[in-house]
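Encoded as structure tokens, the structure appears first; notes follow it.
The values are calculated or read from the model by the stated rules, or taken from the named source; none is laboratory data. Keep in mind the model is a prediction, meaning the values are calculated, not measured. Please note: Cβ atoms are built from the backbone with ideal geometry, for glycine as well, and neighbour counts cover all protein chains shown.
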């Protein structure tokens with residue numbers, strides 16, 4: 001099973017993010033740091049996220065993706081484009097409600113960019129427990145269905161962190 005990879009490319013103020021393989025919480029701290037850096041800089045016009053090679057994405061990574069999508073909405077007042085061709089991943093994104101905050105595109109042609117690995121950026125990375133909690137809160141706050149689905153998970157995480 002392919003390990004998760006987190007990559008990005010930049011063309012002027014446009015970012016292209018490529019997430020591939022099995023995206024699990026144990027490997028997402030650099031992606032979280034990358035998003036935090038984007039949140040601080042806000043020096044971008046658009047973000048396109050390529051999930052065409054994603055075979056699995058857990059809830060923590062979904063929450064990070066939601067954070068990225070909400071950042072694009074706040075900055076540019078439009079939805080982030082997410083390219084996804086894996087039926088299971090696409091169905092999951094629809095079920096969670098990503099079609100409300102992202103433009104989901106089933107496209108087989110991929111942007112031709114040289115991608116670099118997303119590496120640790122922040123010296124003061126938050127603990128994984130806090131990253132997971134924030135990610136699940138974002139999912140919970142996306143819609144009423146998610147609030148019911150993730151409420152108990154968020155409550156349990158809050159108790160564990162305190």
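Couple of notes before you dig in:
- Any hit, the range 29-40, residues being over 16 Å from the mean Cα position of the chain (by Cα) and farther than 12 Å from residue 61 by Cα: yes
- Filter pass, residue 38 being buried (at least 16 other Cβ atoms within 10 Å of the Cβ) and either over 18 Å from residue 116 (Cα atoms) or modelled with pLDDT of 95 or more (or both): no
- All positions within the range 88-113 that are at pLDDT below 85 and touching a strand residue (DSSP E or B) at 6+ places or on another chain (Cβ under 7 Å): 107, 110, 111, 113
- Hey, residue 131 surrounded by 17 or more Cβ atoms within 10 Å (Cβ to Cβ), under 20 Å from residue 47 (Cβ atoms) and at pLDDT below 95 or not: yes
- Residues of the range 1-23 classified as surrounded by fewer than 16 Cβ atoms within 10 Å (Cβ to Cβ) and either over 15 Å from residue 117 (Cα atoms) or in contact with a helix residue (DSSP H, G or I) (Cβ under 6 Å, 6 or more places away or on another chain) (or both), total: 6
- Residue check for residue 59: at negative phi, free of Cβ contacts under 8 Å to residues at least 60 places away in the same chain and crowded, with 16+ Cβ neighbours inside 10 Å: no
- Matching residues in the range 62-86 - criterion: being surrounded by fewer than 21 Cβ atoms within 10 Å (Cβ to Cβ), over 25 Å from residue 127 (Cα atoms) and touching a helix residue (DSSP H, G or I) at 6+ places or on another chain (Cβ under 8 Å): 78, 79
- Search result, residues across the range 59-79 that are within 17 Å of residue 94 (Cβ to Cβ) and within 11 Å of the chain's Cα centre (by Cα): 59, 61, 62, 63, 65, 66, 69
- Residue within the range 113-125 that is within 24 Å of residue 43 (Cα to Cα), without any contact (Cβ under 8 Å) to a residue 40 or more places away in the chain and not in a loop (DSSP other than H, G, I, E, B) present: no
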